Every structure is written in structure tokens, then in C-alpha cells.
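> My questions will all concern the structure given below.
No lab work stands behind these numbers, since they all come straight from the coordinates. Just so it is clear, the model here is predicted, and its values are computed rather than measured. Note that each Cβ is placed from the backbone with ideal geometry, even for glycine, and that neighbours are counted across all protein chains shown.
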Amino acid sequence: MIGNDIIDLSIAKTQSNWQRRGFLEKQFSVNEQQLILRATNSFILVWRFWSMKEAAYKVFTQQNEMRFFAPKNFDCLLISEKKGIVFYKDQIFYTSSIVTQNYIFTLASYEKLTKAYSKFVIPEFINTMIKIKLEDVTKFSATEIEQKKSKNGAPSYYYKDILLTRSCSISHHGNYGVFSLLYA
């Protein structure tokens, strides 16, 4: 299973005030709060942690088919400039993040070295681009590939009754969209 998240930093700057009273305490563990407050760029660290939590949450909800809101319960640990770990209950999620001046993208998985296919696209074209990629990989016509969602909204792609994706995660925020796939 994989999960992803993308954050448009220009939108995060204008539409969310992470410095407002109580925000950090509600969303982040004590350890994360300390790291954020000591960081050279607290704004970037807030949104990297948020992206890691969201990506790990998507992995968990695909596996467990339940939705909930508890970001503080997902505890982030940075390993390097790109790598991180998220802990939730007895689960460990391995993350890889790309941080640019425009966006933060994170991919999460239960496994350290997941070989997922990820593609950045214009948000309105995500579904079409997924079908085109699956057509390229499977040779089934994109027009005959369809998306089906689980009870909790996680997408899967099928050609007739043939499952084409083991795991699929879709994210979009502001000007950015991304999809990540594990093929069946």
C-alpha cells in the first residue's frame, strides 16, 4: 500500500495560519512541536510533517477501510532531508518527501523501498492521466479502464473485472496534482 500528499505552499501561506493559538497543539505531538519551534524554517517543517501524516493516513485507511481525523496521533520522525518515518499505534510508515519552493510532496508506504510510479499533473487531468499510464503498462484501452472507489473513497482502477492497481493514491492542492500507483 502507498499513500501520497502534495501541498501547494503558496496556498498554505495564504489560507492557513499555523501560528494561530492552539494549532500546533491540536495537530502535532510534543516532539514535533519542539522541532517546529526550533527549526530554521518552521513553516516548511509544519507542512512537511502535515504531508507525511496525510500520506501515512492514506496508507492506513486503504488497508483498514476506515476514515477518521486524528493527525496528532501520527507521529513524525525525520531521518534525512528526504526520508522520514511516521508512527501510528503499532504501525510504521516510511516516507520520502520532495520539498521545493513551490510544493511539498510525500510518498508513504509500509515498506522502506517501495517502487511506486508517481506523476505530477494538472489536478483536472489526474484521472485521465492515470488511465493513460495504465493503458501504456497493460495495453488495455484507456477508454475502457474505470475507477472504482472503496467504502472509504480509496481509488482502484479496473479493466472489466481485472484489477490493474494494487494501490493508488491521488492528491491535489492548489496548482498541483499528483498520483502514485503500484500496479497489480
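> Take MET52, MET66, MET129, MET1 and order them by how many other Cβ atoms sit within 10 Å, fewest up front.
So the residues, fewest neighbours to most, are MET66, MET129, MET1, MET52.
> Still on this structure: What helices does the chain have that are whole DSSP H segments, at least 30 Å long along their own axis by Cα, and with mean Kyte-Doolittle hydropathy of -0.5 or more?
TM-like helix candidates: 42-64.
> With a 10 Å Cβ neighbour count serving as the proxy for reagent exposure, in which order, fewest first, do THR114, THR165, THR95 appear?
THR114, THR165, THR95
> Per 0.36 nm of contour for each residue apart, how much would the distance between ALA39 and LEU182 grow if the chain were fully extended, relative to their Cα-Cα spacing?
Additional length available on full extension: 48.1 nm.
> With θ set to phi - 60° and the Karplus curve 6.51 cos²θ - 1.76 cosθ + 1.60, what are the ³J(HN,Hα) couplings of region 79-94 in order, to the nearest whole Hz, using x for Gly and Pro?
With coefficients 6.51, -1.76 and 1.60, one gets 9, 8, 4, 10, 8, x, 9, 10, 9, 9, 6, 9, 9, 10, 10, 9 Hz.
> If I compute Kirkwood radius over Cα pairs in Å from the structure I just sent, which labelled value in [x] 17.4; [y] 19.4; [z] 17.0 lines up?
[z]
> Note down the magnitude of the dipole of the chain about its Cα centre, charges +1 on Lys and Arg C-beta and -1 on Asp and Glu C-beta and zero elsewhere, to the nearest 20 debye.
Computed about the Cα centre, the dipole is about 260 debye.
> If you rank VAL178, VAL121 by fewest surrounding Cβ atoms within 10 Å, what's the result?
With the sparsest Cβ surroundings first, the list reads VAL121, VAL178.
> To the nearest 500 deg cm²/dmol, what mean residue ellipticity at 222 nm is calculated for the chain from DSSP H runs of n ≥ 4 alone, each contributing -39,500 (n - 2.57), summed and divided by the residues?
-9500 deg cm²/dmol
> What net charge is computed for the residues neighbouring PRO155, neighbours being all others with C-beta under 10 Å from the C-beta of PRO155, Lys and Arg scored +1, Asp and Glu -1?
My count for the surroundings of PRO155 gives +2.
> Would you mind checking which residues have amide H under 5 Å from ALA184's amide H? H placed 1.01 Å from N; only 5 or more apart, or other chain.
THR165, ARG166
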